[in-house]
Amino acid sequence: MSKKLEDKILEELKKRVFEEEEKLKQKKENAEDKEALLQALDAVTSLNAQQIKEIEQKVRQELLLKEQKANQSRRQLLKWGIGGAVALLLVLYFFFRPKPEPQVILLETFDDNRNGWLIGQPYIYKRTHENNTYVFECNRNEWCYWDDASVNLPESYTVEVGSIWKEGNNKDTYGFLLIQDNTRFGNFAMQANGEACYQEYKNKEWADFKFKPVATAISNKENLQKVIVKGKSFQYFVNDIFVEEGKIAASITPKEIALRVCGRQKIAFTFVKVTDNQTGNVLMQERFVKPHPDWEFKEYFDKQYKIENGQYLMNIQDGENCYFSDIPLPPTMEAKSGVNYILEVDCTWKEGDMKSFGITINDNAKNTVNFNLLPDGKGSVATYEKGTNKSVSNWRGGTTQKTDGKTNIHQKVILKNQNKEYEYYLNEQLIERGKIEITVNNVGLRSCGKQIVAFDNLKVTKVFE
């Protein structure tokens, strides 16, 4: 070990020994002072040493209590000061806090169909030529469709029609008509459940009729309808079983024969034959090998939905009704105080009737609010309760006069006050304010009448007040 290091260690040891001696000396002096004080008190008073110690302890306790109270007061003042400062900071934060940034919770650009919009072309009916049969497929309850062919009917004639019921509702009717025009005709109907009847339509009303059982009229086999007409009288048979006889109304003079199918079912007609009862001449013999030119094979749809070129196209061909496609809103779109939601979409009217279209919201129970838009930029709001119209506001606004199939209109709806109030804008022009009385679960796109409308950039944004 070097001399320098040894000296340094000795110096440190001396320092520590000196410090310890000073502490012991101070302690000893304090004890001696205390003992001297007690002896002095004992000498100048009549109190003994024990009594003096008790007085000393009492004085010490009083002094300690005063010190504790003083410290407690200081702590309380400090506590009040801190509490006031915290309250002030909270108030300042409430008024001057930074608002959270808006959150886009749904963005639909229609580059694909990941969100599950309706896609396709549901048909109302289609008529096709298949395997030497004329097939009718109908897809709407309580609606009937027919196709007719002209024939010169004599005073007395027989009509025979063969058909096979394929599938569907076996209580929906099908068969053939003897037609004067669309307002006057006789209908020889049957059902796959084994019933048949004659129905007559004139003066925009159906005459009374009653179905009768025909046990052999069953599905998935060929059934034969046969009607023998003499003047205005007729006899009706199904599979050679008599159904009924009666008279064709005097106001009906048949000029055509039509094949007819109603409801949701698929029927294949196998042949149509018309014979002159007096001469035996066959006036029509249709086996659908080379169909009569009057038969029109076609498909009719009332709506078509597709995604094309980054847009959602709604092609509606039903001039009397409106159709919509919707998707569930994100779970994060909860009705919450201090939060608004902005629903917006770009709309382009392409062609057609120039009827209403736009955003719709609903609650899964046929209660809806429709934010309507016309191609000229006017807007209104309609509410429906259980599918029935409840209220419609007046048309307002008008921000574009172009209906060239290219002009875009921006539609925006702001849901406020826990989704119980709305503001409706077109191209940033306020159209209407109002209240919402439904729970908003779904957002949809809607179009009415015979027209094509394109939608793009559907967005839902969460905005904090």
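Taking each residue of the stretch 424-441 that is free of Cβ contacts under 8 Å to residues at least 24 places away in the same chain and looking for partners that are of a type outside the set (Asp, Glu) with beta-carbon atoms closer than 6 Å, six or more apart or interchain, yields 425/412. For the stretch 455-465, the criterion of a residue being under 30 Å from residue 113 (Cα atoms) and either among the small types (Gly, Ala, Ser) or not in a strand (DSSP E or B) (or both) is satisfied by no position. Of the residues making up the stretch 105-118, those that are out of contact with any Lys or Arg (no Cβ under 6 Å at 6 or more places or on another chain) and touching a residue at least 12 places away in the same chain (Cβ under 8 Å) are 106, 108, 109, 110, 111, 112, 113, 115, 116, 117, 118. Please indicate, with yes or no, whether at least one residue in the stretch 127-146 is of a type in the set (Lys, Arg) and under 21 Å from residue 221 (Cβ atoms). The answer is no, given that none of the residues of the stretch 127-146 is of a type in the set (Lys, Arg) and under 21 Å from residue 221 (Cβ atoms).
Might you let me know whether the stretch 196-203 holds any residue that is buried (at least 19 other Cβ atoms within 10 Å of the Cβ) and within 24 Å of residue 296 (Cα to Cα)? Checked against the condition, which is being buried (at least 19 other Cβ atoms within 10 Å of the Cβ) and within 24 Å of residue 296 (Cα to Cα), the stretch 196-203 yields no hits at all. Inspection of the stretch 158-165 finds a residue satisfying the criterion of being within 42 Å of the chain's Cα centre (by Cα) and surrounded by fewer than 19 Cβ atoms within 10 Å (Cβ to Cβ).
Residues in the stretch 239-274 that are buried (at least 17 other Cβ atoms within 10 Å of the Cβ), among the β-branched types (Val, Ile, Thr) and under 19 Å from residue 185 (Cβ atoms): 243, 248, 252, 257, 261, 267, 272, 274. The set of residues in the stretch 194-209 that are touching a strand residue (DSSP E or B) at 6+ places or on another chain (Cβ under 8 Å), in a strand (DSSP E or B) and free of Cβ contacts under 8 Å to residues at least 40 places away in the same chain comprises 195, 199, 201, 206.
For the stretch 219-256, a residue qualifies if it is assigned to a loop (DSSP other than H, G, I, E, B) and within 22 Å of residue 132 (Cβ to Cβ), and the qualifying residues are 219, 220, 221, 239.
Per-residue answers, yes or no, for (1) in the same structural domain as residue 222 (by TED's automatic domain parsing); (2) within 18 Å of residue 297 (Cα to Cα); (3) modelled with pLDDT under 75:
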{"residue": "74", "(1), (2), (3)": "no, no, yes"}
{"residue": "78", "(1), (2), (3)": "no, no, yes"}
{"residue": "87", "(1), (2), (3)": "no, no, yes"}
{"residue": "127", "(1), (2), (3)": "yes, yes, no"}
{"residue": "139", "(1), (2), (3)": "yes, yes, no"}
{"residue": "162", "(1), (2), (3)": "yes, no, no"}
{"residue": "167", "(1), (2), (3)": "yes, no, no"}
{"residue": "172", "(1), (2), (3)": "yes, no, no"}
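Considering 374, 329, 430, the condition of being hydrophobic (A, V, I, L, M, F, W, C) and more than 22 Å from the chain's Cα centre (by Cα) is satisfied by 430 alone.
The values are calculated or read from the model by the stated rules, or taken from the named source; none is laboratory data. Being a predicted model, the structure only gives us computed values, none of them experimental. Here Cβ is always computed from backbone atoms with ideal geometry, including for glycine, and neighbour counts include all displayed protein chains.
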